[in-house]
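Okay, so here's the structure we're looking at.
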Protein chains: 2
Amino acid sequence: MPAIHSSLSFYMKPLFLSNSSLFPRKFTVPKEYLLNPRSLCALSSASNQNGGRSGARSLSPSPVSDDLQKIDVNPPKGTRDFPPEDMRLRNWLFHNFQELYCFEDRGNRRVALRPELTPSLARLVIQKGKSVSLPLKWFAVGQCWRYERMTRGRRREHYQWNMDIIGVPAVTAEAELISSIITFFKRIGITASDVGFRISSRKVLQEVLRCHSIPEHLFGKVCVIIDKIEKLPLDVIKNDLKSAGMSEAAIEELLRVLSIKSLTELEEILGGAGEAVADLKLLFSLAEKFGYSDWIQFDASVVRGLAYYTGIVFECFDRDGKLRAICGGGRYDQLLSTFGGDDIPACGFGFGDAVILELLKEKGLLPPLNHQVENIVCALDHNLQGAASMVATTLRGKGQSVDLVLESKPLKWVFKRAARINAQRLILVGTTEWQKGMVGVKILSSGEQYEIKLDKLE
Amino acid sequence: MPAIHSSLSFYMKPLFLSNSSLFPRKFTVPKEYLLNPRSLCALSSASNQNGGRSGARSLSPSPVSDDLQKIDVNPPKGTRDFPPEDMRLRNWLFHNFQELYCFEDRGNRRVALRPELTPSLARLVIQKGKSVSLPLKWFAVGQCWRYERMTRGRRREHYQWNMDIIGVPAVTAEAELISSIITFFKRIGITASDVGFRISSRKVLQEVLRCHSIPEHLFGKVCVIIDKIEKLPLDVIKNDLKSAGMSEAAIEELLRVLSIKSLTELEEILGGAGEAVADLKLLFSLAEKFGYSDWIQFDASVVRGLAYYTGIVFECFDRDGKLRAICGGGRYDQLLSTFGGDDIPACGFGFGDAVILELLKEKGLLPPLNHQVENIVCALDHNLQGAASMVATTLRGKGQSVDLVLESKPLKWVFKRAARINAQRLILVGTTEWQKGMVGVKILSSGEQYEIKLDKLE
C-alpha cells in the first residue's frame, strides 16, 4: 500500500464501500432508501425531520420566522400542495432523480445506485457514533453510477477515490487533503505545469448575499443557479437569479465577485473580518509550507455542484483545458447533522478514475504494466501431466507464481506462450529426467539451460 | 499480490468488474440488457437466436424435429402464446427475476445488478474474440447482488473471487482451479480437517437420463429440480420429476445414483465407457499429484444451482456442517456459444467473502490487522502548524506514512492518538528546536527521545 494511503486509516469494510446511496447530485433526497435495511429507519426519519429541504436549510440553522396566519391554510394532513415555485423545484428534483440509477426493490423501497461516496461515509460515521475517536481520516475507492450523457472521461459508472477528514473544523484539514492529492500526482508523474487547483469558499457567496440582505435560505437555490454559469447563457443565469428574489444590484455584485481571481481583491471587496477571506488566507499560507503554492490559485467562480458544501471548495483542472474536472472536494460541516447525527465538521474530496487516465494517456505518462509470471511448467509427455502438477504445487508452496500448461502442446506453442506471459523460466518435465526426480530448467532471458532435482528447485 | 494471483493473468479492467449482469441464477435470461450499450445489440440478438431457452437447449445441440403442420398455427407475428407449460416456465422465470435487483433504466432497457460474475466474463471473452490467445486464466474480485432472504453468511451483496480458465477442454483445468483454492486455504490457515470439496459431474445425471431414454432437453429442468433436493421433501421432488416426464423407474434410479459417494460404485452402475466416470477418475488422479486428495470426495448429489454447468461441478463445505457452501464452480463448455460466441470450453469458480470470514472467525483464524503508521507529526504551538506541514511533506517525500495532527491539542491527547493508531514515532515541532531547523523525535516503543535536523530525518 503506498505511503499516502497507509498514512490514513484504511478500514476495509464491505458495508461502507458497498451500499447504494440515496442522494442525487445537488440535493439531498428525502424519500430514497438504502439497501441496508438497518439504516432505513434512521435515514427516513432524519429526512422527515428536515422536511426534505435539508440541503438548502442546512445553511440557515436559525429558524426563519414563517408568515403563519391564524386561519389554517395548510392542505389536509398528509397531503401537499405544489404552488408554481414548489412545482418547479419538484420538476427539477425529479429531473435529477432520473440522472441516477433509481429503482424500487421488492419491499417497495426506492433505491439508487450511489452516485458518489460522501453520503455513504456520513451514514457510516453516524452509525459508528461515539465508538470512533475523532478526527477520522478515511479513504475509500468505490464504484459509483450516474445515468448521464456519455462524453470524454464521463461514463455511467466509474471508480472514485474518496478521502475525508471528519472532526477538524480548521482549514488545516483541507490543506492536508490537497497535499495528499498532490503527493499522489507527484508519484504518478503529474506536475504543477500539467494540472492546477482552483480554490474558493462557499462563504464568499454567503457573505455577498448577506451584504445585500438576501435571506440565507436562498443560498442553496443561488448555488444551484451559479453552478450552471458555464453551461447556460449569462442572461438565463441573471433571469434565474432574479426569479430567486435577488435585486439587479445584488446580481451584478454577485457576478462581479464571482469573476475575481485574486485573494487581495476579494479582501478589498468583502473586508478582512469575514470567515471567507480568513479561511482562504490560512489555506494559501499553509499551502506554502506544504510546498504546493504553485499548484493552486484562488478563483471565486468555483462553487462545486454538490448541495452539502459549506466552506472551502476546490477542483483540479488540466492546464490545457481539454478535460473535465479531475477531482473536486470541499468542506461539508452540516451534512452529518442534516442526517440526524451530531454536528461534526468534515471535508473531503472525490477523485474519479476516468479523467486522470485520459490525462496520463495524453501526457504519455501511463506506466508499462506488463504481465509477469515466474514459472511456466510444462509436461513433455501426456502421462507426465500429474508430475507437472506436482512441480507446480512444489513451486507454489515456495511462494513462486506458476502458469501450468494444462494440455499436451508442441514446444513451439509453449515458448510462444512463455514469451507472451513474460515468464522468467520454463520448467520442462520429461520422462528421463523425472525418473531421476529431476526437471529441466530454461532461463528465458539468457537461454541458459540445466537439469535440477525437484527438491533443489527454488 | 499473493503468488496464487500473480500466477494467473490479472487484467484490472473496470469494464470487466463493473457491469450489471443479465442473468438470474439457474437460467439464462433472454431480454435483459447490460449497462454497456455497446454490448446490447450482440446480446439481444444472441438471445433471440436461442429463443430464450438456451439454458436447457445448450445440452441438446442437435435440432429436435418439431411436429410442424402445414397450417400455420403460430400466433400473429411478434406476439406470443403462453400455453400452461410455458406459463409455468414464465412464472418461474419471473419469480427468479425478482430475486435479482432488476429495474428499467431511462432508455427502457431492463437492467439487473449482476448476481454473479461468470456471464460478465463470458461477454468480455466474446467481445475480445480472436485478439486473446487461449487458454485464458483470469481472476476477478467483484461485487454481486441478490435480493435474498438474509441468513448467516448470506447478505444481499457480497464480494466474489472468481477464477476462470477459458479454452481448456481437459479436466486438468478443474484440477488446477481446485488446487488454487487449496493454495489459498493453506495460506490463510484452513486445513483439510476444516473444509472439504464435494465433486461430481453433470454428465452423471445426463448419462442416467440417457439410460432411461429421457430426452436430453429435459436435462435443464431435471437439474433445477434436483438442486432443491435438500430444501424440499422427497415426495415433492419425486412429483416434480414425474411431472417433468420421468418414469418412476427412472426417478428411483436417478435418486439412487445421486446418493452414491464412491467413484467405484458409480463406475459399477454407469460402466467405465462414459465421460462422467472418465473425467472424475482423471480429476481424482490429478488431485493426488497436486497433493490434495485428502481435501476432496466424490458426491453424486452435487449438481450446483447454475444452469450453465455442463461437466465437473464442485463445492466446498465446512466439515462441521454449520455454514453454507464456501465456494462452488464447474465446467461451462456451452456458455460462450449460447451467447453467440465461438464454442470455447471453460470452467471456473465463485468464492464469496461472507462464508469464509464466518469460518475463519469460528476457527479463531482471523489475523490481527492493526492499523499502523510510521509517524505522527504534531506542532507544539499553533503558529507552528505550517512548520509541521513542512515536516509532513518532507517525510512523505521520503516515502514515510504520516498522520499530521491538524489542530492544537494537549500532548496527552497526542500520545493517546499515537497509541491508538499504532504510530512508530512521534515527531514534535517546537519553537526552540524549529529555530535551529530541528525537530524532536520520540520512538514510541522504547521511549527513546532525541532532537534531529529536519534534513537528517529519515
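The values are calculated or read from the model by the stated rules, or taken from the named source; none is laboratory data. Note that the coordinates shown come from a computational prediction; the quantities given were computed from them, not determined experimentally. Here the Cβ positions follow ideal geometry from the backbone for every residue, glycine too, while neighbour counts run over all protein chains shown.
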On the given criteria, is B:Arg198 basic (Lys, Arg) and outside any helix (DSSP H, G or I)? yes
Test: residue in the range B:276-287 that is at pLDDT 95 or above and of a type in the set (D, E, K, R): yes
Can B:Arg187 be described as more than 18 Å from A:Gly386 (Cβ to Cβ), facing chain A (nearest Cβ under 8 Å) and surrounded by fewer than 20 Cβ atoms within 10 Å (Cβ to Cβ)? no
Selection from the range A:149-177 of residues that are out of contact with any helix residue (DSSP H, G or I) (no Cβ under 9 Å at 6 or more places or on another chain) and either part of a helix (DSSP H, G or I) or within 10 Å of another protein chain (Cβ to nearest Cβ) (or both): A:Met150, A:Arg156, A:Pro169, A:Ala173, A:Leu177
Filter the strands (runs of 3 or more DSSP E) completely within the range A:391-457 down to those with at least 3 residues that are surrounded by fewer than 14 Cβ atoms within 10 Å (Cβ to Cβ). A:449-453
For the structure I just gave you, tell me whether A:Glu230 is under 31 Å from the mean Cα position of the chain (by Cα) and among the acidic types (Asp, Glu). yes
Unique residue being charged (D, E, K, R) and within 22 Å of the chain's Cα centre (by Cα) when the list is B:Asp235, B:Asp240, B:Asp164: B:Asp164
Against the definition (assigned by TED's automatic domain parsing to the domain that holds A:Phe339, assigned to a helix (DSSP H, G or I) and either hydroxyl-bearing (Ser, Thr, Tyr) or at pLDDT 50 or above (or both)), how does A:Leu100 come out, yes or no? no
Restricting to the range A:396-407, what's the tally of residues that are farther than 12 Å from B:Glu176 by Cα and more than 7 Å from every other protein chain (Cβ to nearest Cβ)? 2
Unmet criterion (only one of (1) of a type in the set (A, V, I, L, M, F, W, C); (2) closer than 18 Å to B:Arg304 by Cα; (3) in contact with a helix residue (DSSP H, G or I) (Cβ under 7 Å, 6 or more places away or on another chain); (4) free of Cβ contacts under 8 Å to residues at least 60 places away in the same chain) for B:Leu232: (3)
Within the range B:215-232, does at least one residue satisfy the condition of being at pLDDT 85 or above and under 22 Å from B:Lys281 (Cα atoms)? no
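When residues of the range A:373-395 are filtered for being more than 7 Å from chain B (Cβ to nearest Cβ) and closer than 23 Å to A:Gln435 by Cβ, how many remain?
Total satisfying the criteria: 15.
Given the structure, is B:Ile251 within 28 Å of the chain's Cα centre (by Cα), closer than 19 Å to B:Ala300 by Cα and not charged (D, E, K, R)? Let's see the steps before the verdict.
Values: within 28 Å of the chain's Cα centre (by Cα): no; closer than 19 Å to B:Ala300 by Cα: yes; not charged (D, E, K, R): yes.
So B:Ile251 fails the test.
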Quick check: anything in the range A:362-372 within 14 Å of chain B (Cβ to nearest Cβ), within 21 Å of A:Pro135 (Cα to Cα) and in contact with a strand residue (DSSP E or B) (Cβ under 8 Å, 6 or more places away or on another chain)? no
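Just a yes or no: is a residue in the range B:322-345 within 12 Å of another protein chain (Cβ to nearest Cβ) and either in contact with a Phe, Trp or Tyr (Cβ under 9 Å, 6 or more places away or on another chain) or over 30 Å from B:Lys186 (Cα atoms) (or both)?
yes
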Output for the range A:116-148, where each listed residue is in contact with a Lys or Arg (Cβ under 7 Å, 6 or more places away or on another chain) and part of a loop (DSSP other than H, G, I, E, B): A:Ser133, A:Arg146, A:Tyr147, A:Glu148
Flag if A:Tyr308 is within 15 Å of A:Cys223 (Cα to Cα) and touching a Ser or Thr at 6+ places or on another chain (Cβ under 9 Å): yes
Looking only at residues that are of a type outside the set (Gly, Ala, Ser) and in contact with a helix residue (DSSP H, G or I) (Cβ under 7 Å, 6 or more places away or on another chain) in the range B:408-430, which one is farthest from the other protein chains (Cβ to nearest Cβ)? B:Leu426
Any hit, the range A:354-377, residues being touching a helix residue (DSSP H, G or I) at 6+ places or on another chain (Cβ under 7 Å), part of a loop (DSSP other than H, G, I, E, B) and at pLDDT below 95: yes
